[in-house]
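Trainee: Before anything else, here's the structure in question.
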Amino acid sequence: MAGHKLYSKSELDVSGLKVVVLRKNVKNLNLRVYPAECRVRISVPRRISDSEVATFVEDKLPWIQKHLAKYRKKPKPQPQKYTTGELHPVWGKDLELVVVERNKPPEVLVDGTKLKLFVRPGTDQQKRTSILKEWYREKLKQKIPELIEKWEPEMGVQVEEFGVKHMKTLWGTCNIRARRIWLNLELAKKRPELLEYVVVHEMVHLLERLHNKRFYGFMSRFLPNWKSLKNELNGKSQISDC
C-alpha cells in the first residue's frame, strides 16, 4: 500500500516571482527566502487556496525584494591572497589583515580591528594560509570545551571527544556510538552564538539520533532561538504568519 505524502508541491508566479508552494499539515504560513539561489518557498496548510497564497506573498513582496536585493548587491567574494589590507572574519567580525615579516616563529594576534599575521621573510601564500588556518583551529579548540562543559549537565549527556576539521557541506557531525562530535573549521569565522548552536545541535543527537519532532523539541527546550540561528548560519531569511 502506498504511503501518504507528507506534502504536495506546486509553483506559483506572483508578480514575476516564482514561488514554490508546499502544502503540509501545518497551522501557519511560513515563508522562506533563499537569496543565494534567488528562490522563495512557502509552506501552507493544505486548505489554503492559490489565491490566498498569492495574496500573502504579495503583501510580503517588499520584505522579499529587500532580502533578494541585499544579496545581489554583495560583490562576489574574491580568492584571498593573504596580503595586508584584506578582510578576514573572526567570530563574526571582519578584521583587516596586517602581514608583518620578522625572523621569529609565526604568530597571529588580534589587535583591535587588525588581524596581525607575523611570518618569516619570504613566506609564500600557501604557508600564510596554513598558519592562519591553524590559528582558527586553535581558537575553536579553546572555545568548544567550554560549551560542551556548559551543556553536558543541562542535557544529561557526555561527549567523549571532539574534533575540528574542514567540511564542505556540514557545520557539524556526531558519532553517536563513540560520543564524538566534529565541528567545521569555518565556525571560527562566525559569531560565537552560531558555534554554540552547532555544538548544541550535535549534542542533542546523543539524545535523539534522527531529525524528528523529538529532536526539534529538545532543540527548542535548550535553545529557544535555534531556528533564527540556523537561518543566519545558512544565509536564509524567514517570515511566518503566526
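Trainee: Any chance you could run the full-extension gain for residue 149 through residue 37? It's 0.36 nm times the residue separation minus the Cα-Cα distance, nm to one decimal. The partial results should precede the final answer.
Mentor: Working: separation 112, 0.36 × 112 = 40.32 nm, distance 3.78 nm.
Taking 0.36 nm per residue and subtracting the Cα distance, the gain is 36.5 nm.
Trainee: Let me ask another. Which whole-Hz couplings ³J(HN,Hα) result when phi for each residue of the range 138-145 is put into the Karplus expression 6.51 cos²θ - 1.76 cosθ + 1.60, θ = phi - 60°, listed in order with x for Gly and Pro?
Mentor: In residue order, the calculated couplings are 5, 4, 5, 5, 7, 8, 4, x Hz.
Trainee: Okay, next question. Given an 8 Å cut-off on Cα distances and at least 6 residues of separation, report the relative contact order of the range 8-76 as a percent. Before the final figure, lay out the partial values.
Mentor: Working: 90 pairs, mean separation 18.8, N = 69.
Dividing the mean separation by the residue count of the range 8-76 yields 27 percent.
Trainee: If you don't mind, there's one more thing I want to ask. If each DSSP helix of 4+ residues adds -39,500 (n - 2.57) and the sum is divided by the residues in the chain, what number results at 222 nm, nearest 500 deg cm²/dmol? Each step should come with its number before you reach the end.
Mentor: On the way: 6 runs with 85 residues, N = 242.
The per-residue figure over the chain is -11500 deg cm²/dmol.
Trainee: With a cap of 16 neighbouring Cβ atoms within 10 Å, and only residues DSSP puts in a loop, list the GluC sites (Glu not before Pro) found in the range 91-182.
Mentor: Numbers: sites: 96, 101, 107, 134, 138, 146, 149, 154, 160, 161; in loops: 160.
The qualifying sites are 160.
Trainee: What's the Kirkwood radius of the range 58-206 in Å, using all Cα pairs? Walk me through the intermediate numbers first.
Mentor: Numbers: mean 1/r = 0.0566 Å⁻¹.
Value: 17.7 Å, from the Cα pair sum.
Trainee: While we're here: Rounded to whole Hz and in sequence order, give me ³J(HN,Hα) for the range 200-208 from the Karplus expression 6.51 cos²θ - 1.76 cosθ + 1.60, θ = phi - 60°, writing x for Gly and Pro.
Mentor: After applying 6.51 cos²θ - 1.76 cosθ + 1.60, I find 4, 4, 5, 5, 4, 5, 6, 9, 8 Hz.
Trainee: Moving on to the next point. Might you report the magnitude of the Cβ-based charge dipole of the chain about its Cα centre, with Lys and Arg at +1 and Asp and Glu at -1, to the nearest 20 debye?
Mentor: Details: 48 positive and 29 negative charges, 107 e Å.
In debye, rounded to 20, the chain gives about 520.
Trainee: If we count other beta carbons within 10 Å of each Cβ, what is the order of 131, 42, fewest first?
Mentor: Numbers: 131 18, 42 23.
The fewest-first ordering by Cβ neighbours comes to 131, 42.
Trainee: Answer rounded, prolate or oblate for the range 8-76, using the Cα gyration tensor with square roots of eigenvalues a ≥ b ≥ c: rounded when a/c is under 1.5, else prolate when a/b is larger than b/c, else oblate.
Mentor: Working: a/c = 2.34, a/b = 1.99, b/c = 1.18.
Taking the square roots of the gyration eigenvalues as a ≥ b ≥ c, the range 8-76 is prolate.
Trainee: Here's something else I'd like to know. For the pair residue 12 and residue 165, what calculated FRET efficiency results from E = 1/(1 + (r/R0)^6), where r is the Cβ-Cβ distance and R0 = 51 Å, to the nearest 0.05? Please list the in-between numbers first.
Mentor: Values: r = 41 Å, r/R0 = 0.81.
The pair residue 165/residue 12 has a calculated efficiency of 0.80.
Trainee: Here's a follow-up. If I stretch the segment between residue 234 and residue 177 completely, what's the gain in nm (0.36 nm per residue apart, minus their alpha carbon distance), one decimal?
Mentor: Details: separation 57, 0.36 × 57 = 20.52 nm, distance 2.76 nm.
Stretched out fully, the residue 234 to residue 177 stretch lengthens by 17.8 nm.
Trainee: Working from Cα positions, state the angle (0 to 90°, nearest 10) between the long axis of helix 213-222 and the longest principal axis of the chain.
Mentor: 50 degrees
Trainee: Further question on the same structure: Please list, ordered by chain and number, the residues whose modelled amide H lies under 5 Å from the amide H of residue 190; skip anything fewer than 5 residues away on the same chain.
Mentor: 91, 92
Trainee: Against the longest principal axis of the chain, how steep is helix 61-73, in degrees 0 to 90 to the nearest 10, with axes from Cα atoms?
Mentor: Helix 61-73 sits roughly 30 degrees off the main axis of the chain.
Trainee: May I pose another question? Counting other C-beta atoms within 10 Å, which of 34, 136, 197, 216 has the fewest, and how do the rest follow?
Mentor: Values: 34 17, 136 20, 197 26, 216 14.
Ascending Cβ contact count within 10 Å gives the list 216, 34, 136, 197.
Trainee: How about the range 83-117: which trypsin sites (Lys or Arg not before Pro) there lie in a loop by DSSP and see at most 14 other Cβ atoms within 10 Å?
Mentor: Values: sites: 93, 102, 114, 116; in loops: 102.
Those that pass, being in a loop and sparsely packed, are 102.
Trainee: Counting Lys and Arg as +1 and Asp and Glu as -1, what is the net charge of the other residues whose Cβ lies under 9 Å from the Cβ of residue 23?
Mentor: Details: positive: 9, 24, 46, 47; negative: none.
It works out to a net charge of +4.
Trainee: Which of 128, 120 has the fewest other C-beta atoms within 10 Å, and how do the rest follow up to the most?
Mentor: Values: 128 19, 120 12.
So the ranking, lowest neighbour count to highest, is 120, 128.
Bear in mind that the values in this text are calculations on the coordinates, not laboratory data. Everything numeric here is computed off the predicted structure, so don't read it as measured data. Using ideal geometry, Cβ is built from the backbone for each residue, glycine included, and neighbour counts are taken over all protein chains shown.
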